[in-house]
Structure formats: structure tokens, C-alpha cells
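Encoded as C-alpha cells, the structure appears first; notes follow it.
The values are calculated or read from the model by the stated rules, or taken from the named source; none is laboratory data. Fair warning: this is a prediction, and the values are worked out from it, not measured in the lab. Cβ placement follows ideal geometry from the backbone for every residue including glycine, while neighbour counts extend to all protein chains displayed.
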Amino acid sequence: MDAPALRHGAMFDTNELELNMGPQHPSTHGVLRVVLRLDGEKVVDADVVIGYLHRGIEKLSENRNYTQIVLLTDRMDYVAAATNNVGYCETVEKLMAIEVPRRARYVRTIVCELQRIASHCLWVGTHAMDIGAMTVFLYAFRERELILDLFEELCGARLTYNSQRIGGLPLDIPPGWDRKVLAFVEVMTGKVEEYEALLTENRIWLERTKGVGVIEGPEAIALGLSGPPLRGSGVPRDIRKDEPYAAYDEMQFEVPLGKAGDTYDRYVVRMEEFRQSLRIIRQAAEGIPEGPVVGKVPRLIKPPAGETYHAIESPKGELGYFVVSDGKSTNPYRFRVRPPSFCNLQALRRLCRGHLVADVVALIGSLDVVLGEVDR
Amino acid sequence: MGEAIAFYTLAAFILGFAVLVIATKDTVHSVLFLVLDFLFVAALYVLLEAPFLAVIQVLVYAGGIVVLYLFVVMLVNLKRPPEAHQDPRRRTWLGFGLSAAILAELAAIALYSSAGAAPAGPAAALPVAGNTEQVGWLLYTRYLIPFEIASMLLLVAMIGAIVLAKREL
Amino acid sequence: MIDTFVIPLVKILVVLNATLVAVSYMVLLERKVIAWTQSRLGPMRVGPYGVLQPIADAIKLMIKEDITPVRADRWVFTLAPIISMVPALIVYAVIPFGPTVTIFGHAVPLYVTDINVGLLYIVSVASVGVYGIILAGYASNSKYPLLASLRASAQLISYEVAVTLTLVSVILMAGSLSMVSIVLAQEQARVWYGFVQPLAFGIFFIGSLAETNRAPFDMPEAEQELTGGFHTEYSGMRFALFFLAEYANMIVVSSVATTLFLGGWLRPFPNVAWLGVLDLIPGWIWFLVKSFVFLYIFIWVRATLPRYRYDQLMRLGWKVLIPLAILNLVATAIVKVWWLA
Amino acid sequence: MADDPRKPEDATPHDGDDPGPVAPAAPAAAAASTPPGEVAVPGAAAAPASPRPPVAPKPAAPPPAKPAGAVAARPPAAPKPAAEHPPKAAPPSGPAEPPPPADVPVPAFIARLQAAKPGAVTLVSYFVGDWTIVVPVDRLHEVAQHLRDAPEAAFDFCSDVTATDWPPRAAERFDVVYCLYSTTHRQRIRVKTRAGETTPVRSVTDLWPAANWLEREVFDMFGVNFTGHPDRRRILMPDDWQGHPQRKDYPLEGPGELLLENPQEWLKLKQTRDEADLE
């Protein structure tokens, strides 16, 4: 990592500048550090350095019992905590073969999709802010606030929800909550148009995002991209469709796809996901069945010996949990998270090359990483 | 009287800064002194009641060209290690010889101009009044050909610079 | 004595102080307007509706610790904010805020001076202002400011060309470089030049956004990319000087735009006789209102648009604005020589 | 919430034998001290759920060349299903890898793999819907390539690479797990291999660039010795970190916690360490 030695004799000896972007930088979304090697403003190479937020959640989880881990999962992707909860609980349910009641599955679907919208709100705000459009940020946060209010009513917290239990929900939904969710859907539908009015057709936005960080479908797959970045490259892969969980098999929705695989397509895909999520929420909230919210769960959660990998579609991509139980203890023997942000961030180096410094922040934004999840 | 004081003060500053331009070690400081030098030259023009020239001096030289100098200085790595100053190819005597020649030339010019007749009066017969108009008139009538040649030269230099700088065309 | 010394001195004092106050309230205006755009309130705590916020800001900036990085070029580092502030202030000398008025029996023109190369003076002084930014970036001895100052110098030089070319079109129309004469020429022509030179006006507007480093061309200080750009390492009063210089430049640009394209202190539609009632409002109020509108658009643009990328900005300048400005200039010259003569 | 707060810390079998903040420089020795028995205990009941003969019944698998012997050679682990009573007794020596039940057909791509690479699959396991194959470490890359390129497998997406540490299996304590997914056939498989601390595991980064960071993490957390990796640095932990935190014998308390709770003790420890450094 040392600076290139001075080359004598070259008349125009332009320096290859090494620029440390982060870990304190307004656009690296937390504590990401990107060591850029620049030729002028052109990025020659980018070394992505992570680990500044590493809290050892996996190790920690191996020393907590299964119920306590729900709370740790909140702390990974803290802008989509409920999705993490759902993914984890479903993994343990799969391991223990617990049947989750339909009502709980419906609520989980609503929660996941609300969380997707909240996460995308934060993404569209910060992504636009990185590219310099600051108004969208506040608009998006205004709507995210509504979602946080809904969550607060559901589980009493606004950021780290701890909203799921193995086997179902901790509590039934508050009376009238589903109607509030439907009211929110109405509000949000118009607001998505508002964001799009500010960005989608904006000439500057198009110039800043079109053709930036192009990644073709096969390469995106090989690089392990998932979620909107993968779909932006035109790969029809959505775990909600392919391996349905919660109540997604009963929902009607489409999987938006991009064509070119550039920053703009990733943007368009997420904007369309807003609408699809609203559609799912409407169906789920209108169709919440009556019944219990917790399945038959033993008092002591002690899964049989075995291991399983279960993935769900988090707002960022494939969020997988790999849990190994030794059948003897109430703690998982091994708890592993496959964090979508981590795997998506890996592509940053490939995406950055040949682009300008200004594009690096756009690309970080288009990957939508949350460092809490990258580092765990 | 006041004019003379002003002139000599300005001249002293101009010369002082000119010396500093070549005397400072830091390239950026050197360029900065060059800017100051240009600004004082502009003040000299003001003293000569040629505000147009003064403004153009600031705009083109201080504002434009030296910015490009700075650009180059900051982009190109000039911070060579000290031993680079001991350049074996340095021809000290050649430098002295050239300096002496230029000094002699300057002295000759000074002698000639002081000894010769007073220069012809300013172009009094210009059909336009006003500083700007006079400059324009002279440029496009009497000095048209030098002006055009100068602009051609600049164009050639520009194209040459682009060709040199651009790695792939 | 009074006419040669006292009145100019008073005028200089008034203009300087008014500028400084205007600049600090410009900051408040910007914060408020952007807040309203974003459905927020903006500063509300200091004074009713936050009207005393600029004063609080000034105090805060003055009593903040003034840090000079250890490895900075100390002299240049201190000089840079001054270099950027002074040109921004001395430009006001030639801006005609209103026609000649009579105060206590003295005929007082509402401008500090009227020199016959006024417009060129503004352009040349503004071009010196670039040094503040370049040197700040260089002297900080830090990578982000260096990148920013390279961006800044390239950007300012390129856009100066386009802007100056549009000014030349106006000079051709007015036949003078003096700011006052340009306003008077518009009065004589009974039309604002903004209407006869819409293209020049447009190019001037875009170019002036770039020259003042305002969004969407605020690359030299792009917070999200270069963490504040050339003033990353500055704090306290020296940072405040940069800040003030930026806003002072905005006011200069809008004053120039008002003078050149919006008829200066003239009322709207000077060619429509029955709107003569509007003449009851003094000229300087018209001037301020027009400048304010221009400034408001500056802020509005900032709240709305994303940021250009550096190479796109250069492309826009060199491949679109400058050719258009040259075309406009040639067309103006042709019309002036063959049509009107 | 309050499911069982009674015994949250009961079964952390390893924290007894780790003396505080000593960096786990030589965990092999520590691990070797408590081997409850190698995996090859053929008589033990296989899976806790369904004891059945170790030779997995071949349901409708097309190729007859299924190496039944290989499957039989390594019966599913978990040799002590009756481990409820003494939870502290012994750390588990391996994961439960139940063979597929009779009514679940082995997917075609596994059968085809077994046919194409005889002996490369030592175990096929099926548990709660997940298929797992175990391959010897030296054939891992070959199998991975087959799985990626064979048309009926087409596992073009490497979901995850991770590992599990089973200290009692001294020679091959790590299960390195590759979670693969096929975007064309929408199927998943887990490929597992067993590696010791120094066993070279050939990196699959050339097959799936996605594995780059994932393998780095496994290296960082477990110290698995990946070879052929283009950029084998630590990823989450600082570059100069000692030890591999996800190993089971990694101390749960380090100087950090000790410093907070008992500064005196920490100081003493630090001094002894510094002295050790001096020597």
C-alpha cells in the first residue's frame, strides 16, 4: 500500500494519488473505507476495507440461546431489522419443523414489505444525496417516519424491533393496525411518484447514473450479487418468488428487472419495488386471516441435531442464515449469517474501476450497503 | 511628482517580486509572486491611463494564464529529491554567457533609446476616442497582421499541447 | 471636498456593510428556502423565526478554534480565504444599484464609481478570486482539498470563457463596457436585454452557477465526494470567509445579471407607457427585487437538482455553452451591423 | 420473550478449558486432549430422528454407480444421542448428517456427480429439505467445477462460504461449507469438506468470484488455509490480529473485558505478556 516511487526522467510525472475514502466520509454510509488509487480523478483501483463495525454477532450468538438471538439479528441490518428477525425465526422454525400459523405468516409478510419500503426510503434518500439531490432525502425520511410509527405501534420500538418469535409473533397485531397499514399504502403510493418526479427523468440524474457501473447478468451472478443489484442486471431472481417464505406464495406481485445493469437500472428496480411492495402489503393487509399467531413451540427451544441454511429476500438481497444445532444445547452450535450487503459490497471494486471519484459514491449508494450488516 | 513617486514605487515592487519569482524554492510560491507581479504591472497601466489594458492584464495573465501554471505545478510532480538539483548536465558557463549576452542587449537598448530621438508621438490621428476603442482600432488596423499571426501561434501551441498531453486520441 | 471624498467614502462604507449584512442574511435565506422546499422549518430558535440566526452563526464562527494543520503551508493557508473574500467585495464598486438621486441637495449616484471598463473590471477581479480556492486546496496539504482545487480551477476557467462571451454580446448591444451605460442603453432601447438576448441570458445563468460553485455545479465543495472540498481543513473565521465569499459572489453575479439582462434599476416593461405608475417605486428597490429573484432561483436550483459530475460539467461548458455563446455573439454582431445599422 | 431464561449459559462446552486471554496459538493440542471418539463408530444409531441402516436406500436414482461403500464408510455423526443428562460432558464431534429417507429421491445432479466423479462424494445427506454432500478436501475444486458447469447442476451462484469448527476432530476440525444455488434450476446444495488447520483447501474464487470475500472471512475467522486465493488477507479483524475468533477454543474474554472488570488483574497479565515479548 505504499505510494508508487517517484519515477525520474519522466517529464510529466503525474502522481498516482492514493485517496483514503472513509472510514469517516459522508458518503460511505457508515464506516466503510475505500482506498482509491487515482489517476487524476479516475479510479485505477479500489481496495474495499471493512470490519470497522465488527461486533462478532456470529460468535456472540453461539453463546446465547435461540430466543435471545432474535435481538442480535436486529443489530445487523439496522435499517431493516424486522426482516432479519423474520429470516432468523424461519431458519429455526425450519430446523425444528414448526408450523407457523397463517395469520402470523401474513403479518410477517406485511412486516417484511414495510421494512423493505423503509429500507428503500433510506436508500433513495441517501443515494440521491450522494449524487447531490438533497431534497429527496428529507422527503423519503418523512415517509419512513410513517413506517416507523406503524412499527412502534406493532412492537414498541422504532429501529431495533425484536418483532418476531420462533414460531410466530410475540403478540397479536394491535386492533386497527391493518387499517392503518392500508392508509399508509394509500399515502405512500403518491409519494413514490413524488420521488420519481424529482429523479427518474431528471437529465442530470440520468447523466450521473446511466452507464455508470455496468455489470452484465452472468457477471453479476458470478460476483454473488443478490437483490436489486442482481435484478438490475436483468437476472430474474427473487427469493420471494423462487423459494417462497412467509405468505409470499399467496401474494400476487411482479419482480421488476433492469436491462443494462447500470446504476440507473438498479435505481429503477428499487423504485418499482416500492410499488410492488405496496401491492403486496395491500393484499396481505386486506387478507389477514383470523387465528392464532404462534405455532406449537416447545417451551425449551432445542432443535434436533442438524444444520440448515435458509435464505429470505431482504431489501438488500439474499439474507441467509446457516444454523448448526448439536441437539444438546439451547444455543446454536454455529450461527452464520450470509449478509447480502457483504456480498454485494464485494462487487464495488469491480464496479469502480475506470470511473471517477464522483461515481464511487454513486456506486456505493447503488449497492445499498449497511455496514452493520457487512461487518456484523 | 505624485505620478513619479507612484511609478517608482510600483517599479520597485515589480522588480522585487520578479526577483522573488526566481528566488523562492517553493514552486507554488513562485507562481504566486508572479501573480503579484502581474497585478502591479496592471497598476502601472492604470497609471498610464490605460484601464482597458490594465483590466485585460489582470484578466488574461493574472486570472487565466497563471491559473494554468498553478494547475500544472500542482498536477505535475516537481518535488524532486534535492540531489536532482545537482544536474550533471548543467552548463553553468553557458548560463552565464547567455545572461551576459542578454544584459548586453538590454544595455544596448537602453543606450540607444536614450541617445536616439524622442519616439514619435502617440498615434494622435486615431479616428476614435476612448481607451478601449483606441486599442481595438489599432489592433485591427495597424497591427492586424501581427495580431493574426499571434493568434495562429496560439492555436498551434494549443493543438500541440493537446497532442502532447492526450495519450490516446 | 464633500463630493470627492466624503460621499464616496460613505458610499463605500454603506455598500461594504450592506454587502456583509446581505451576505449573512443570504445564508439564512438559503437555509429557510431550502427548509421550506423540503417541508422543514429551518432555523427557528434564535429570534422569532430564526431571524437572528446569522448573528449567532457569526459569533459561533468567530469564537471557534482556528486550526492550521501542522503540515499546511502556513502563509498561503492564511492568505487563501482573504484572497477569495477581497475580490468578492471590491467588485461591488462598479455595480449600479440605482440611478442618480438627490440627497440633501447633493446629486448622489447610487454606485461607488462608474468606470468605462466596468464589466471587464468585474470579470477580471472575479478571475483573481479563483486563487483563493486553488491556494486553499494546495496549502491544506491534504488530498481532498487538492482534488477540489484542481476541479475548481478547471471549472472556473472553462466557465469564465462562456460567461465572458455572453457578456460580450451584451456589450455589443449596449456599445459600452460601463455598467451604468448598459442600463441606460436598455432604458433607451426600452427593453431589457434579457428579452432580446434570451440565449445569452440562459448561458450566463448556467455559467454563473458554475462560477460561483453552486449546485448543480458545486463539485469543488461536493460534500458527498470530497468531504467539503477545498475548505475541508478550514475552521472558524477562515472558513467563514470562504463561506461569505461564496455568498458575496452569488450576490455579485445576480447583480450583474440584473444590470445586464434585467434592466438594472429600470421598472419592468420600460416600453409600456401605461405601466408608468411603477416608476413611483424607486429604482434601487427594483434592483434589489430583481437580484433577489435571481438569488431565489439559485437556491431553488440547489434544492432541486442533483450534482453534475466533473467531466460532464467540463463537457457541458466546452461542448455546449461555449459554442452556443460564440454563435450567439456572431449572430448579435451580424444583426447589429447589418440590421440595425 | 421469556422462553427459558433459566439456562442461558449451560452448554458452552469450551469455556471451561480456555484459560483466559491467551491467544490460541496452538489449539490443536488443546483440541486433541478431549476427543470423545472418532466419527467412525458404525454401530451407533445414525440420526436422532430415524435410525436406519447406514447404506442409504437408492430410491429412483438413475445411475447405479452410487458409491454405497463411500456412504457407508462415514456414517452420520452425533454419536451420543443421549447427551441430555451431562450437557457439559463433551463437545460434539461433528454435525448430524442424516442420510436421505427412502421416500425422498436423490436429485439427479447429485447422482450424475457421483457417476462422473467416482469417490468424490463421500456422503449424501438430507435434512429438513436441504441436500448436503461431503467431499474430500483434495477433490473439492473438481467437484465444485463439475457442479458449476454440468448442465443439470449449473450452480452458478455461490451463496455462501462458511465453516464450522469441531475441535474434537483434531485432524480435520473444520467443516468448510459452500452453499451453492443455481439460478437456472432454482436449486440449492451444500458442499462440505473437512479440513484441518493446515490442510490446504483449494480456493474456488476462480470459479465463483463471489467466494473471494467469503473465503477471506472464513480464513479470518477460522484460519482455514485456502490456497490459490488471490487476496488472502484478513477481512473483518484488524490485519495484525492474533488468532481466529470463530474457533471454538478462542477465548470468550479478552483483555478488553478484563480491563473493564478487573484492571489490577489485567495489568498483571499485561506485564507478564510484555516480559514474554521481551524474551
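Observations, loosely collected:
- Hits in the stretch A:157-178 - residues which are without any contact (Cβ under 8 Å) to a residue 24 or more places away in the chain and among the charged types (D, E, K, R): A:Arg158
- Residue count for the stretch C:81-112, restricted to those that are of a type in the set (Gly, Ala, Ser) and crowded, with 19+ Cβ neighbours inside 10 Å: 4
- Subset tally (residues that are among the basic types (Lys, Arg) and over 15 Å from A:His120 (Cβ atoms)) for the stretch A:187-238: 4
- Total residues in the stretch C:305-321, condition more than 20 Å from the chain's Cα centre (by Cα) and in a helix (DSSP H, G or I): 9
- Pairs with Cβ under 8 Å, 6+ apart, first in the stretch A:69-94 and without any contact (Cβ under 8 Å) to a residue 24 or more places away in the chain, second in a loop (DSSP other than H, G, I, E, B) and surrounded by fewer than 24 Cβ atoms within 10 Å (Cβ to Cβ): A:Leu72/A:Arg64
- Unmet criterion (only one of (1) assigned to a loop (DSSP other than H, G, I, E, B); (2) at pLDDT below 80) for D:Leu258: (1)
- Any chance B:Leu32 is within 15 Å of the chain's Cα centre (by Cα), modelled with pLDDT under 80 and within 13 Å of another protein chain (Cβ to nearest Cβ): no
Per-residue answers, yes or no, for (1) modelled with pLDDT of 85 or more; (2) within 14 Å of chain A (Cβ to nearest Cβ); (3) over 30 Å from A:Ala140 (Cα atoms); (4) in a loop (DSSP other than H, G, I, E, B):
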residue: C:Arg40; (1), (2), (3), (4): yes, yes, no, yes
residue: C:Lys60; (1), (2), (3), (4): yes, no, yes, no
residue: C:Thr68; (1), (2), (3), (4): no, no, yes, yes
residue: C:Pro81; (1), (2), (3), (4): yes, no, yes, no
residue: C:Pro96; (1), (2), (3), (4): no, no, yes, yes
residue: C:Ala107; (1), (2), (3), (4): no, no, yes, no
residue: C:Tyr111; (1), (2), (3), (4): no, no, yes, yes
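- In the set A:Gly213, A:Gly227, A:Gly234, only one residue is touching a helix residue (DSSP H, G or I) at 6+ places or on another chain (Cβ under 6 Å) and surrounded by fewer than 22 Cβ atoms within 10 Å (Cβ to Cβ); that residue is A:Gly234.
- Residue satisfying condition, being of a type outside the set (Gly, Ala, Ser) and more than 12 Å from chain D (Cβ to nearest Cβ), within set A:His355, A:His310: A:His355
- The condition of being touching a Gly at 6+ places or on another chain (Cβ under 9 Å), buried (at least 24 other Cβ atoms within 10 Å of the Cβ), more than 11 Å from chain D (Cβ to nearest Cβ) and over 30 Å from A:Pro175 (Cα atoms) holds for only one of A:Leu319, A:Leu367, that being A:Leu367.
- On inspection, B:Val21 qualifies as in contact with a helix residue (DSSP H, G or I) (Cβ under 6 Å, 6 or more places away or on another chain), closer than 28 Å to C:Ala148 by Cα, more than 10 Å from chain C (Cβ to nearest Cβ) and modelled with pLDDT of 80 or more.
- Residue selected from the stretch A:279-316 under the condition hydroxyl-bearing (Ser, Thr, Tyr) and more than 20 Å from A:Leu169 (Cβ to Cβ), by the criterion surrounded by the most Cβ atoms within 10 Å (Cβ to Cβ): A:Tyr309
- Picking from residues in the stretch D:124-143 that are within 13 Å of chain A (Cβ to nearest Cβ) and in contact (Cβ under 8 Å) with a residue 24 or more places away in the chain, the one that is surrounded by the most Cβ atoms within 10 Å (Cβ to Cβ) is D:Thr132.
- Condition check for A:Gly224: more than 21 Å from the chain's Cα centre (by Cα) and in a loop (DSSP other than H, G, I, E, B): no
- Being of a type outside the set (Phe, Trp, Tyr) and more than 14 Å from chain D (Cβ to nearest Cβ) holds for only one residue in A:Ala220, A:Ala284, and it is A:Ala284.
- For A:Val86, the conditions (1) in a helix (DSSP H, G or I); (2) modelled with pLDDT under 90; (3) crowded, with 24+ Cβ neighbours inside 10 Å are fulfilled apart from (2).
- Residue check for A:Ile221: free of Cβ contacts under 8 Å to residues at least 24 places away in the same chain and crowded, with 18+ Cβ neighbours inside 10 Å: yes
To keep it simple, each residue is scored yes or no on (1) surrounded by 24 or more Cβ atoms within 10 Å (Cβ to Cβ); (2) within 30 Å of C:Val70 (Cβ to Cβ).
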| residue | (1), (2) |
| --- | --- |
| C:Ser149 | yes, yes |
| C:Val163 | yes, no |
| C:Ser176 | no, no |
| C:Leu199 | no, no |
| C:Ser208 | yes, no |
| C:Thr212 | yes, no |
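- Meets criteria (in contact with a helix residue (DSSP H, G or I) (Cβ under 8 Å, 6 or more places away or on another chain), part of a helix (DSSP H, G or I), within 13 Å of chain D (Cβ to nearest Cβ) and more than 20 Å from A:Gly156 (Cβ to Cβ)) for A:Val31: no
- Complete set of residues in the stretch A:337-376 that are small (Gly, Ala, Ser) and either more than 17 Å from A:Met21 (Cα to Cα) or in contact with a Phe, Trp or Tyr (Cβ under 9 Å, 6 or more places away or on another chain) (or both): A:Ser341, A:Ala358, A:Gly365, A:Ser366, A:Gly372
- So D:Val204, is it away from chain A (no Cβ under 11 Å), crowded, with 24+ Cβ neighbours inside 10 Å, in contact with a strand residue (DSSP E or B) (Cβ under 6 Å, 6 or more places away or on another chain) and assigned to a loop (DSSP other than H, G, I, E, B): no
- Of the numbered criteria (1) more than 10 Å from chain D (Cβ to nearest Cβ); (2) of a type outside the set (D, E, K, R); (3) in a loop (DSSP other than H, G, I, E, B); (4) more than 21 Å from the chain's Cα centre (by Cα), the one A:Tyr245 fails is (4).
- Any hit, the stretch C:330-341, residues being outside any helix (DSSP H, G or I), within 24 Å of A:Ile131 (Cβ to Cβ) and either more than 23 Å from the chain's Cα centre (by Cα) or hydrophobic (A, V, I, L, M, F, W, C) (or both): no
- Restricting the first member to the stretch A:280-303 and to residues that are over 28 Å from A:Gln68 (Cα atoms), and the second to residues that are in a loop (DSSP other than H, G, I, E, B), the beta-carbon pairs closer than 6 Å and six or more apart or on different chains are A:Ile280/A:Met251; A:Ile280/A:Phe253; A:Gln283/A:Met251.
- Residue that is nearest to the other protein chains (Cβ to nearest Cβ) [pool: residues in the stretch D:221-235 that are surrounded by fewer than 23 Cβ atoms within 10 Å (Cβ to Cβ) and either assigned to a helix (DSSP H, G or I) or of a type outside the set (D, E, K, R) (or both)]: D:Pro230
- Every condition in (1) more than 14 Å from every other protein chain (Cβ to nearest Cβ); (2) more than 17 Å from the chain's Cα centre (by Cα) holds for A:Tyr78 except the one numbered (2).
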